[in-house]
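Accompanying notes for the structure given below.
What follows draws every value from the coordinates through simple rules; no lab data is involved. Given the structure is predicted, the values throughout are model-derived calculations rather than measurements.
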């Protein structure tokens, strides 16, 4: 089984979108963008600190908010990236805007620091969607098929498949 996750380039695009609307561009630590993704997906010697989907989502949300890789827009980027992560894995996060803002603010103010608590909140506000599960299945099928090919053959793939490999990462579950 594998988990799908947005790539660093997608997270940067999400952030750029929010900054165009309102905010200041730039990085506090550009390397932390990848670090936040990797932290939530960590898998070392059969040990996973965040073994379930909603724990991974919670670690992702928490990491982008608390580790602050961007100058501005960390909470917005964290929330949207988490929504996309859940969607890629078959769930829709349904939260009124003010409630989402208040929740991410509490994480930023370190009033909420427990990943289990964040995971519970995400799970409570999420719903499995058949269409997202179907897209998840197809995306995994395409990516696993591509990764089975030798590297030199990947370059001859259609541009849409190459784009998919650049925007979505696969992680073991």
* Please label the shape of the chain as rounded, prolate or oblate, based on the square roots a ≥ b ≥ c of the eigenvalues of the alpha-carbon gyration tensor (a/c under 1.5 means rounded; beyond that, a/b larger than b/c means prolate, else oblate). => prolate
* Relative contact order for segment 22-76: what is it in percent, counting Cα pairs under 8 Å that are at least 6 residues apart? -> 52 percent
* **Normalised contact order of the chain, rounded percent, pairs of Cα under 8 Å and 6 or more residues apart** => 33 percent
